[in-house]
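Q: Structure below; questions to follow.
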Amino acid sequence: MSASPPPDLAIVGGGLAGSLIALALRRRRPELSLRLIDGGDTLGGNHLWSFFDADVAREHRWLLEKLVVHAWPGYDIRFPAVTRTIRQPYYSVTSERLDEIVRATLAPHEIVTGARVLSVTPTTVALADGEKIEAGGVIDARGAGDVSTLQVGWQKFVGRELEIEGGHGLDRPIVMDATVAQHDGYRFVYSLPLSPTRVFVEDTYYSDGPTLNAAALSRRIEVYAQAMGWTIAAAGANDLREERGALPVVWNGDFEAYWRSSGAKVAKAGVRAGLFHPTTGYSLPDAVRLAIRIADASDLSGAALHDLTHDHAASAWADRRFYRMLDAMLFKAAGPDQRYKVLERFYTLRSGLIARFYAARSTPADKLRVLAGKPPVPIRRAIRALRGVK
Ligand SMILES: Cc1cc2nc3c(=O)[nH]c(=O)nc-3n(C[C@H](O)[C@H](O)[C@H](O)COP(=O)(O)OP(=O)(O)OC[C@H]3O[C@@H](n4cnc5c(N)ncnc54)[C@H](O)[C@@H]3O)c2cc1C
(Lines give C-alpha, C1' and ligand atoms only; values in the text may rest on other atoms or scores of the structure.)
Protein backbone atom coordinates (compact mmCIF):
# COMPACT_ATOMS: atom_id res chain seq x y z
CA MET A 1 0.00 0.00 0.00
CA SER A 2 2.80 2.44 0.89
CA ALA A 3 4.29 1.92 -2.61
CA SER A 4 1.18 3.25 -4.42
CA PRO A 5 1.10 6.95 -5.33
CA PRO A 6 -0.96 9.29 -3.12
CA PRO A 7 -4.66 9.11 -4.05
CA ASP A 8 -6.64 12.15 -5.14
CA LEU A 9 -9.01 11.52 -2.25
CA ALA A 10 -8.89 9.49 0.97
CA ILE A 11 -12.26 8.69 2.53
CA VAL A 12 -11.92 7.69 6.16
CA GLY A 13 -14.76 5.41 7.29
CA GLY A 14 -16.25 2.99 4.78
CA GLY A 15 -19.72 3.04 6.33
CA LEU A 16 -22.81 4.34 4.61
CA ALA A 17 -21.69 7.91 3.89
CA GLY A 18 -18.08 7.13 2.98
CA SER A 19 -19.03 4.25 0.68
CA LEU A 20 -21.67 6.34 -1.12
CA ILE A 21 -19.10 9.09 -1.74
CA ALA A 22 -16.73 6.51 -3.23
CA LEU A 23 -19.46 5.10 -5.50
CA ALA A 24 -20.62 8.55 -6.62
CA LEU A 25 -17.08 9.69 -7.41
CA ARG A 26 -16.24 6.56 -9.37
CA ARG A 27 -19.35 7.08 -11.51
CA ARG A 28 -19.00 10.83 -12.07
CA ARG A 29 -15.20 11.22 -11.85
CA PRO A 30 -13.72 7.87 -12.96
CA GLU A 31 -10.30 9.46 -13.52
CA LEU A 32 -9.80 10.12 -9.78
CA SER A 33 -7.85 7.71 -7.60
CA LEU A 34 -9.46 6.90 -4.25
CA ARG A 35 -8.61 5.28 -0.95
CA LEU A 36 -11.55 4.10 1.19
CA ILE A 37 -10.28 3.20 4.67
CA ASP A 38 -12.21 1.36 7.37
CA GLY A 39 -11.38 -0.28 10.68
CA GLY A 40 -13.81 -3.19 10.11
CA ASP A 41 -13.20 -6.26 7.97
CA THR A 42 -16.11 -5.37 5.70
CA LEU A 43 -17.55 -2.08 4.51
CA GLY A 44 -20.78 -0.82 6.04
CA GLY A 45 -20.69 -2.82 9.27
CA ASN A 46 -23.88 -4.74 10.06
CA HIS A 47 -26.88 -2.66 9.03
CA LEU A 48 -30.19 -2.61 7.30
CA TRP A 49 -30.69 1.00 6.15
CA SER A 50 -34.19 1.95 5.10
CA PHE A 51 -35.66 5.04 3.48
CA PHE A 52 -38.99 6.36 2.20
CA ASP A 53 -39.67 7.06 -1.46
CA ALA A 54 -39.83 10.84 -1.04
CA ASP A 55 -36.51 10.91 0.85
CA VAL A 56 -34.34 10.60 -2.26
CA ALA A 57 -34.89 12.76 -5.36
CA ARG A 58 -35.53 10.93 -8.66
CA GLU A 59 -32.40 12.44 -10.18
CA HIS A 60 -30.31 10.96 -7.36
CA ARG A 61 -31.72 7.42 -7.52
CA TRP A 62 -28.91 6.13 -9.73
CA LEU A 63 -26.62 6.04 -6.72
CA LEU A 64 -28.88 3.54 -4.91
CA GLU A 65 -29.91 1.48 -7.95
CA LYS A 66 -27.71 -1.53 -7.22
CA LEU A 67 -27.93 -1.19 -3.44
CA VAL A 68 -31.65 -1.59 -2.76
CA VAL A 69 -32.31 -5.18 -1.66
CA HIS A 70 -35.94 -4.85 -0.52
CA ALA A 71 -38.78 -2.62 -1.79
CA TRP A 72 -42.41 -2.36 -0.65
CA PRO A 73 -45.27 -0.27 -2.10
CA GLY A 74 -46.40 1.09 1.28
CA TYR A 75 -46.26 0.62 5.03
CA ASP A 76 -48.56 0.44 8.04
CA ILE A 77 -48.65 2.28 11.34
CA ARG A 78 -50.59 1.09 14.40
CA PHE A 79 -51.48 3.16 17.47
CA PRO A 80 -54.12 2.57 20.11
CA ALA A 81 -56.49 5.03 18.36
CA VAL A 82 -55.16 5.07 14.75
CA THR A 83 -54.34 2.26 12.32
CA ARG A 84 -53.41 3.20 8.81
CA THR A 85 -51.74 2.04 5.59
CA ILE A 86 -49.65 4.75 3.95
CA ARG A 87 -49.13 4.21 0.24
CA GLN A 88 -45.60 5.49 0.02
CA PRO A 89 -42.91 3.07 -1.14
CA TYR A 90 -40.26 2.06 1.37
CA TYR A 91 -36.85 0.54 0.59
CA SER A 92 -33.98 -1.17 2.39
CA VAL A 93 -30.28 -1.39 1.64
CA THR A 94 -28.10 -3.95 3.42
CA SER A 95 -24.49 -3.53 4.46
CA GLU A 96 -23.65 -6.87 2.76
CA ARG A 97 -24.85 -5.46 -0.58
CA LEU A 98 -23.00 -2.18 0.00
CA ASP A 99 -19.77 -4.09 0.65
CA GLU A 100 -20.30 -6.23 -2.48
CA ILE A 101 -21.03 -3.27 -4.77
CA VAL A 102 -18.17 -1.09 -3.51
CA ARG A 103 -15.74 -4.00 -3.93
CA ALA A 104 -17.01 -4.58 -7.47
CA THR A 105 -16.64 -0.86 -8.30
CA LEU A 106 -13.31 0.21 -6.77
CA ALA A 107 -9.95 -1.42 -7.53
CA PRO A 108 -8.73 -3.73 -4.73
CA HIS A 109 -5.87 -1.38 -3.76
CA GLU A 110 -8.37 1.46 -3.30
CA ILE A 111 -10.11 -0.34 -0.40
CA VAL A 112 -8.23 -0.64 2.88
CA THR A 113 -10.14 -2.58 5.56
CA GLY A 114 -9.02 -3.66 9.03
CA ALA A 115 -7.11 -0.36 9.34
CA ARG A 116 -7.81 1.76 12.41
CA VAL A 117 -7.33 5.45 11.79
CA LEU A 118 -5.89 7.49 14.64
CA SER A 119 -6.08 11.00 13.23
CA VAL A 120 -6.74 12.97 10.07
CA THR A 121 -5.82 16.37 8.63
CA PRO A 122 -7.21 17.92 5.43
CA THR A 123 -4.55 16.00 3.44
CA THR A 124 -3.23 13.16 5.64
CA VAL A 125 -4.50 10.04 7.41
CA ALA A 126 -2.52 8.46 10.25
CA LEU A 127 -3.14 4.74 10.79
CA ALA A 128 -2.70 2.87 14.08
CA ASP A 129 0.04 0.70 12.52
CA GLY A 130 2.18 3.83 12.01
CA GLU A 131 1.49 4.28 8.30
CA LYS A 132 0.66 7.75 7.02
CA ILE A 133 -1.41 8.19 3.85
CA GLU A 134 -1.18 11.50 2.00
CA ALA A 135 -3.97 12.53 -0.33
CA GLY A 136 -5.14 15.53 -2.36
CA GLY A 137 -8.09 15.73 0.04
CA VAL A 138 -9.43 13.80 3.03
CA ILE A 139 -13.05 13.29 4.10
CA ASP A 140 -13.74 12.03 7.60
CA ALA A 141 -16.85 9.78 7.65
CA ARG A 142 -16.13 7.80 10.83
CA GLY A 143 -19.65 8.00 12.31
CA ALA A 144 -20.83 10.21 15.19
CA GLY A 145 -18.74 13.09 16.53
CA ASP A 146 -18.95 14.22 20.15
CA VAL A 147 -22.68 13.99 20.93
CA SER A 148 -22.08 15.59 24.36
CA THR A 149 -21.90 18.94 22.49
CA LEU A 150 -25.64 18.51 21.77
CA GLN A 151 -28.78 18.22 23.86
CA VAL A 152 -30.38 14.95 22.93
CA GLY A 153 -32.87 12.25 23.77
CA TRP A 154 -32.24 8.77 22.44
CA GLN A 155 -33.80 6.40 19.95
CA LYS A 156 -32.52 3.01 21.03
CA PHE A 157 -33.34 -0.40 19.73
CA VAL A 158 -32.58 -4.06 19.28
CA GLY A 159 -33.57 -5.66 15.98
CA ARG A 160 -33.66 -9.36 15.15
CA GLU A 161 -34.28 -11.17 11.91
CA LEU A 162 -36.67 -14.06 12.58
CA GLU A 163 -37.57 -17.09 10.52
CA ILE A 164 -41.29 -17.76 11.03
CA GLU A 165 -42.69 -21.25 10.60
CA GLY A 166 -45.39 -21.24 7.95
CA GLY A 167 -44.80 -17.52 7.19
CA HIS A 168 -45.58 -14.24 8.98
CA GLY A 169 -48.38 -13.07 6.67
CA LEU A 170 -47.10 -9.46 6.33
CA ASP A 171 -46.85 -8.03 2.84
CA ARG A 172 -45.58 -4.60 3.83
CA PRO A 173 -43.60 -3.14 6.74
CA ILE A 174 -45.16 -1.99 9.98
CA VAL A 175 -43.03 1.11 10.51
CA MET A 176 -44.53 1.80 13.94
CA ASP A 177 -46.62 -0.54 16.02
CA ALA A 178 -47.25 1.48 19.18
CA THR A 179 -50.07 -0.72 20.41
CA VAL A 180 -47.46 -2.53 22.53
CA ALA A 181 -47.02 -1.87 26.27
CA GLN A 182 -45.15 1.41 26.79
CA HIS A 183 -41.86 1.23 28.72
CA ASP A 184 -38.92 3.60 29.11
CA GLY A 185 -40.42 6.44 27.02
CA TYR A 186 -42.18 6.02 23.69
CA ARG A 187 -42.01 2.38 22.60
CA PHE A 188 -42.92 0.85 19.26
CA VAL A 189 -42.09 -2.25 17.28
CA TYR A 190 -40.90 -2.01 13.68
CA SER A 191 -41.29 -5.03 11.37
CA LEU A 192 -39.86 -5.50 7.88
CA PRO A 193 -41.02 -8.56 5.93
CA LEU A 194 -37.86 -9.67 4.07
CA SER A 195 -39.40 -12.79 2.50
CA PRO A 196 -42.63 -14.70 3.12
CA THR A 197 -41.02 -16.44 6.12
CA ARG A 198 -38.37 -13.89 7.20
CA VAL A 199 -39.18 -10.78 9.17
CA PHE A 200 -36.86 -8.26 10.78
CA VAL A 201 -38.38 -7.07 14.07
CA GLU A 202 -37.02 -4.13 16.01
CA ASP A 203 -38.07 -3.13 19.53
CA THR A 204 -37.54 0.65 19.71
CA TYR A 205 -37.68 3.32 22.44
CA TYR A 206 -37.56 7.12 22.42
CA SER A 207 -35.93 7.41 25.84
CA ASP A 208 -34.14 9.95 27.98
CA GLY A 209 -30.99 7.82 28.20
CA PRO A 210 -28.98 5.58 25.82
CA THR A 211 -28.63 2.57 28.14
CA LEU A 212 -30.00 -0.55 26.52
CA ASN A 213 -30.90 -3.84 28.17
CA ALA A 214 -30.37 -5.91 25.03
CA ALA A 215 -31.47 -9.18 26.61
CA ALA A 216 -34.78 -7.68 27.80
CA LEU A 217 -35.49 -6.13 24.38
CA SER A 218 -34.62 -9.37 22.66
CA ARG A 219 -37.11 -11.19 24.89
CA ARG A 220 -39.78 -8.56 24.15
CA ILE A 221 -39.29 -9.27 20.44
CA GLU A 222 -40.17 -12.89 21.15
CA VAL A 223 -43.23 -11.83 23.15
CA TYR A 224 -44.28 -9.59 20.24
CA ALA A 225 -43.81 -12.44 17.76
CA GLN A 226 -45.98 -14.64 19.90
CA ALA A 227 -48.69 -11.95 20.12
CA MET A 228 -48.60 -11.71 16.28
CA GLY A 229 -49.27 -15.46 16.17
CA TRP A 230 -45.78 -16.22 14.79
CA THR A 231 -43.78 -19.32 15.70
CA ILE A 232 -40.06 -18.61 15.54
CA ALA A 233 -38.18 -21.44 13.83
CA ALA A 234 -35.26 -22.61 15.93
CA ALA A 235 -33.04 -23.78 13.07
CA GLY A 236 -30.54 -21.26 11.75
CA ALA A 237 -31.52 -18.64 14.33
CA ASN A 238 -27.90 -17.94 15.21
CA ASP A 239 -27.02 -16.99 11.65
CA LEU A 240 -29.67 -14.31 11.31
CA ARG A 241 -29.12 -10.57 11.49
CA GLU A 242 -29.19 -8.82 14.82
CA GLU A 243 -28.61 -5.09 15.21
CA ARG A 244 -28.70 -2.72 18.08
CA GLY A 245 -28.11 0.98 18.41
CA ALA A 246 -28.77 4.20 20.27
CA LEU A 247 -29.18 7.19 17.97
CA PRO A 248 -29.25 10.75 19.27
CA VAL A 249 -32.57 12.58 18.83
CA VAL A 250 -31.33 16.16 18.93
CA TRP A 251 -33.59 18.75 20.52
CA ASN A 252 -31.06 21.52 20.84
CA GLY A 253 -27.41 22.12 20.15
CA ASP A 254 -24.68 24.20 18.67
CA PHE A 255 -23.78 22.89 15.21
CA GLU A 256 -20.35 24.55 15.18
CA ALA A 257 -19.37 22.94 18.50
CA TYR A 258 -20.41 19.54 17.15
CA TRP A 259 -18.49 20.13 13.92
CA ARG A 260 -15.31 21.22 15.75
CA SER A 261 -15.53 18.18 18.06
CA SER A 262 -14.03 16.03 15.32
CA GLY A 263 -11.49 18.49 13.88
CA ALA A 264 -12.25 22.02 12.77
CA LYS A 265 -10.57 22.04 9.35
CA VAL A 266 -11.27 18.55 8.06
CA ALA A 267 -14.06 17.75 5.59
CA LYS A 268 -16.75 15.50 7.08
CA ALA A 269 -19.63 13.38 5.88
CA GLY A 270 -22.46 11.32 7.35
CA VAL A 271 -23.41 11.49 11.00
CA ARG A 272 -20.00 13.01 11.75
CA ALA A 273 -21.09 16.07 9.75
CA GLY A 274 -24.37 16.27 11.68
CA LEU A 275 -26.21 15.08 8.57
CA PHE A 276 -29.12 13.10 9.96
CA HIS A 277 -32.81 13.73 10.50
CA PRO A 278 -33.17 15.26 13.98
CA THR A 279 -36.28 13.20 14.80
CA THR A 280 -35.79 9.85 13.06
CA GLY A 281 -31.99 9.66 13.06
CA TYR A 282 -32.10 8.51 9.41
CA SER A 283 -28.99 9.60 7.52
CA LEU A 284 -29.26 7.76 4.20
CA PRO A 285 -31.06 10.59 2.32
CA ASP A 286 -28.45 13.14 3.42
CA ALA A 287 -25.62 10.74 2.59
CA VAL A 288 -26.92 10.40 -0.99
CA ARG A 289 -27.27 14.17 -1.43
CA LEU A 290 -23.80 14.97 -0.10
CA ALA A 291 -22.12 12.17 -2.08
CA ILE A 292 -23.53 13.52 -5.33
CA ARG A 293 -22.67 17.08 -4.38
CA ILE A 294 -19.05 16.06 -3.75
CA ALA A 295 -18.92 14.09 -7.01
CA ASP A 296 -20.10 17.20 -8.89
CA ALA A 297 -17.60 19.55 -7.22
CA SER A 298 -14.73 20.88 -9.32
CA ASP A 299 -12.20 21.36 -6.48
CA LEU A 300 -11.57 18.31 -4.27
CA SER A 301 -8.60 19.70 -2.35
CA GLY A 302 -8.76 19.23 1.44
CA ALA A 303 -9.55 22.90 2.07
CA ALA A 304 -12.26 23.12 -0.60
CA LEU A 305 -13.85 19.88 0.59
CA HIS A 306 -13.92 21.23 4.12
CA ASP A 307 -15.76 24.36 3.02
CA LEU A 308 -18.19 22.40 0.83
CA THR A 309 -19.10 19.82 3.49
CA HIS A 310 -19.21 22.36 6.33
CA ASP A 311 -21.47 24.78 4.47
CA HIS A 312 -23.72 21.99 3.21
CA ALA A 313 -24.14 20.53 6.72
CA ALA A 314 -24.50 23.92 8.46
CA SER A 315 -27.26 24.88 6.07
CA ALA A 316 -29.12 21.57 6.59
CA TRP A 317 -28.77 22.03 10.36
CA ALA A 318 -30.21 25.57 10.24
CA ASP A 319 -33.12 24.44 8.05
CA ARG A 320 -34.08 21.71 10.54
CA ARG A 321 -34.82 23.78 13.64
CA PHE A 322 -38.50 22.86 13.32
CA TYR A 323 -37.71 19.16 13.88
CA ARG A 324 -35.57 19.97 16.91
CA MET A 325 -38.52 21.93 18.31
CA LEU A 326 -40.74 18.88 17.88
CA ASP A 327 -38.10 16.74 19.57
CA ALA A 328 -38.06 19.20 22.47
CA MET A 329 -41.84 18.82 22.73
CA LEU A 330 -41.49 15.07 22.65
CA PHE A 331 -38.77 14.84 25.26
CA LYS A 332 -39.31 17.87 27.47
CA ALA A 333 -43.06 18.53 27.38
CA ALA A 334 -44.63 15.07 27.06
CA GLY A 335 -44.36 12.70 30.01
CA PRO A 336 -42.50 9.53 28.88
CA ASP A 337 -45.67 7.40 28.96
CA GLN A 338 -47.59 10.05 26.97
CA ARG A 339 -45.02 10.47 24.17
CA TYR A 340 -46.84 8.06 21.87
CA LYS A 341 -49.75 10.53 21.69
CA VAL A 342 -47.56 13.08 19.86
CA LEU A 343 -46.85 10.48 17.14
CA GLU A 344 -50.40 9.15 17.14
CA ARG A 345 -51.72 12.62 16.35
CA PHE A 346 -49.03 13.16 13.70
CA TYR A 347 -50.15 10.03 11.86
CA THR A 348 -53.69 11.37 11.44
CA LEU A 349 -52.27 14.03 9.07
CA ARG A 350 -52.15 13.79 5.26
CA SER A 351 -49.74 11.30 3.72
CA GLY A 352 -47.96 14.01 1.67
CA LEU A 353 -47.20 15.95 4.83
CA ILE A 354 -45.89 12.78 6.50
CA ALA A 355 -43.64 12.05 3.51
CA ARG A 356 -42.22 15.59 3.52
CA PHE A 357 -41.65 15.35 7.27
CA TYR A 358 -39.55 12.21 6.91
CA ALA A 359 -37.64 13.77 4.03
CA ALA A 360 -36.99 16.85 6.26
CA ARG A 361 -38.66 18.99 3.59
CA SER A 362 -41.75 20.18 5.48
CA THR A 363 -43.33 23.28 3.92
CA PRO A 364 -44.38 26.30 6.05
CA ALA A 365 -47.99 25.06 5.70
CA ASP A 366 -46.97 21.57 6.89
CA LYS A 367 -45.29 23.08 9.94
CA LEU A 368 -48.36 25.11 10.81
CA ARG A 369 -50.54 22.03 10.37
CA VAL A 370 -48.32 19.92 12.65
CA LEU A 371 -48.46 22.59 15.35
CA ALA A 372 -52.13 23.57 14.89
CA GLY A 373 -54.90 22.50 17.23
CA LYS A 374 -54.75 21.33 20.79
CA PRO A 375 -51.29 19.85 21.38
CA PRO A 376 -51.23 16.37 22.91
CA VAL A 377 -48.88 17.71 25.61
CA PRO A 378 -49.49 20.31 28.40
CA ILE A 379 -49.29 23.72 26.71
CA ARG A 380 -47.21 25.41 29.47
CA ARG A 381 -44.64 22.65 29.37
CA ALA A 382 -44.59 22.87 25.57
CA ILE A 383 -43.83 26.60 25.66
CA ARG A 384 -41.12 26.08 28.29
CA ALA A 385 -39.59 23.24 26.25
CA LEU A 386 -39.38 25.36 23.11
CA ARG A 387 -37.60 28.28 24.78
CA GLY A 388 -34.09 28.73 23.42
CA VAL A 389 -34.18 25.86 20.90
CA LYS A 390 -31.54 26.60 18.23
C1 LIG B 1 -28.61 -0.24 14.03
C2 LIG B 1 -28.86 1.04 13.21
C3 LIG B 1 -29.87 1.07 12.25
C4 LIG B 1 -30.08 2.23 11.49
N5 LIG B 1 -31.06 2.24 10.54
C6 LIG B 1 -31.18 3.30 9.73
C7 LIG B 1 -32.11 3.30 8.65
O8 LIG B 1 -32.90 2.35 8.50
N9 LIG B 1 -32.14 4.37 7.80
C10 LIG B 1 -31.29 5.41 7.95
O11 LIG B 1 -31.30 6.33 7.12
N12 LIG B 1 -30.48 5.47 9.01
C13 LIG B 1 -30.38 4.45 9.88
N14 LIG B 1 -29.49 4.50 10.92
C15 LIG B 1 -28.81 5.76 11.20
C16 LIG B 1 -27.62 6.06 10.30
O17 LIG B 1 -28.04 6.14 8.97
C18 LIG B 1 -26.54 5.00 10.37
O19 LIG B 1 -25.97 5.08 11.65
C20 LIG B 1 -25.46 5.17 9.29
O21 LIG B 1 -24.72 3.98 9.24
C22 LIG B 1 -24.57 6.36 9.52
O23 LIG B 1 -23.69 6.46 8.43
P24 LIG B 1 -22.21 7.01 8.59
O25 LIG B 1 -21.54 6.72 7.32
O26 LIG B 1 -22.22 8.39 9.13
O27 LIG B 1 -21.59 6.09 9.76
P28 LIG B 1 -21.32 4.54 9.72
O29 LIG B 1 -22.17 3.87 8.71
O30 LIG B 1 -21.40 4.09 11.14
O31 LIG B 1 -19.83 4.43 9.21
C32 LIG B 1 -18.72 4.80 9.97
C33 LIG B 1 -17.59 3.87 9.57
O34 LIG B 1 -16.39 4.38 10.12
C35 LIG B 1 -15.62 3.29 10.56
N36 LIG B 1 -14.73 3.79 11.61
C37 LIG B 1 -15.07 4.39 12.77
N38 LIG B 1 -13.99 4.74 13.46
C39 LIG B 1 -12.92 4.35 12.72
C40 LIG B 1 -11.51 4.44 12.90
N41 LIG B 1 -10.98 5.03 13.96
N42 LIG B 1 -10.72 3.94 11.94
C43 LIG B 1 -11.24 3.36 10.82
N44 LIG B 1 -12.57 3.27 10.60
C45 LIG B 1 -13.39 3.75 11.54
C46 LIG B 1 -16.62 2.27 11.08
O47 LIG B 1 -16.07 0.96 11.03
C48 LIG B 1 -17.77 2.47 10.11
O49 LIG B 1 -17.76 1.53 9.04
C50 LIG B 1 -29.28 3.36 11.71
C51 LIG B 1 -28.31 3.33 12.71
C52 LIG B 1 -28.09 2.18 13.46
C53 LIG B 1 -27.03 2.20 14.53
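Q: Please list, ordered by chain and number, the residues whose modelled amide H lies under 5 Å from the amide H of Val249; skip anything fewer than 5 residues away on the same chain.
A: Answer set, sorted by chain and number: Gly153, Trp154, Gln155.
Q: Now for a different question. With label points built 7 Å along Cα→Cβ from the Cα atoms of Ala104 and Arg361, find their separation and express it in nm.
A: Label at Ala104, label at Arg361, 2.9 nm between them.
Q: Also: Excluding residues fewer than 8 places away in the same chain, name every one of the lysines whose C-alpha is closer than 21 Å to that of Lys332.
A: Partners found: Lys156, Lys341, Lys367, Lys374, Lys390.
Q: OK, next. Expressed as a whole number of Å, what is the distance separating the alpha-carbon centroids of region 74-99 and region 187-229?
A: 14 Å
Q: Could you calculate the contour length gain from Arg321 to Thr179, that is, 0.36 nm times the residue separation minus the distance between their Cα atoms, to one decimal place in nm?
A: 48.2 nm
Q: So with the 1.4 Å probe, I'd like the accessible area per residue for the chain, rounded to whole Å².
A: Numbers: 16400 Å² over 390 residues.
On a per-residue basis, the chain sits at 42 Å².
Q: Within 14 Å, Cβ to Cβ, of Met176, how many net charges do the neighbouring residues add up to if Lys/Arg are +1 and Asp/Glu are -1? Display every interim value, and only then the final one.
A: Details: positive: Arg78, Arg84, Arg172, Arg187, Arg339, Lys341, Arg345; negative: Asp76, Asp177, Glu202, Asp203, Glu344.
Counting the neighbours of Met176, the net charge comes to +2.
Q: If you count, for each residue, the other Cβ atoms within 10 Å and average over each peptide, how do 305-311, 269-275, 226-232, 152-158 line up from highest to lowest?
A: 269-275, 152-158, 305-311, 226-232
Q: To one decimal place, what orientation-averaged projected area in nm² is obtained for the convex hull of the Cα set of the chain?
A: It is 18.9 nm².
Q: Pull out the extension gain between Arg350 and Asp299, defined as 0.36 nm times the separation in residues minus the alpha carbon to alpha carbon distance; nm, one decimal. Walk me through the numbers before you get to the answer.
A: On the way: separation 51, 0.36 × 51 = 18.36 nm, distance 4.23 nm.
Taking 0.36 nm per residue and subtracting the Cα distance, the gain is 14.1 nm.
Q: Which FRET efficiency value, to the nearest 0.05, is calculated for Gln226 and Arg29 with the Förster distance at 45 angstrom and r the Cβ-Cβ distance?
A: 0.30
Q: How far apart, in nm, are the 7 Å Cα→Cβ label points at Glu134 and His60?
A: Spacing of the two 7 Å Cα→Cβ label points: 3.5 nm.
Q: Put a dot 7 Å past each Cα toward the Cβ at Ala81 and Asp208; how far apart are the dots in nm?
A: According to this spin-label approximation, the distance is 2.5 nm.
Q: If you don't mind, there's one more thing I want to ask. Where the accessible area of region 159-282 is counted over protein heavy atoms with a 1.4 Å probe, how much of it, in %, is carbon and sulfur?
A: For region 159-282, the apolar C and S fraction of the accessible surface comes to 49 percent.
Q: Report the calculated FRET efficiency for Ala234 and Thr280 (r = Cβ-Cβ distance, R0 = 45 Å), to the nearest 0.05. List each step's numbers first, then the result.
A: Numbers: r = 34 Å, r/R0 = 0.75.
With R0 = 45 Å, the Cβ-Cβ based efficiency is 0.85.
Q: In addition: Is region 1-136 best put as rounded, prolate or oblate by its Cα gyration tensor, with a ≥ b ≥ c the root eigenvalues, rounded for a/c under 1.5, and otherwise prolate when a/b is larger than b/c, oblate when not?
A: prolate
Q: Next question, about the same structure. For Ala126 and Glu243 in the same chain, what is the full-extension length gain: residue separation times 0.36 nm, less their Cα-Cα distance, in nm? Kindly include the intermediate steps, with their values, before the conclusion.
A: Details: separation 117, 0.36 × 117 = 42.12 nm, distance 2.98 nm.
Once the chain is fully extended between Ala126 and Glu243, it gains 39.1 nm.
Q: Under the classification rounded if a/c is under 1.5, otherwise prolate if a/b is larger than b/c and oblate if not, where does region 94-213 fall, given a ≥ b ≥ c as square roots of the Cα gyration tensor eigenvalues?
A: Oblate.
Q: Then there's this: What is the sum of charges, Lys and Arg at +1 and Asp and Glu at -1, for the other residues whose Cβ falls under 13 Å from the Cβ of Asp286?
A: Details: positive: Lys268, Arg272, Arg289, Arg293, Arg320, Arg361; negative: Asp55, Asp319.
In short, +4.
Q: Taking only C-alpha pairs under 8 Å that are 6+ residues apart, what is the relative contact order of the chain in percent? Intermediate results must be reported in sequence, preceding the final value.
A: Details: 816 pairs, mean separation 76.9, N = 390.
Once divided by the residue count of the chain, the mean separation gives 20 percent.
The values are calculated or read from the model by the stated rules, or taken from the named source; none is laboratory data. Owing to the predicted nature of the structure, the values given are computational and were not obtained by experimental measurement. Positions of Cβ are generated from backbone atoms using ideal geometry, with glycine treated the same way; all protein chains shown enter the neighbour counts. These accessible areas exclude ligands, DNA and RNA; they are computed on the full protein's heavy atoms, side chains included. Shrake-Rupley method; radii C 1.70, N 1.55, O 1.52, S 1.80 Å.
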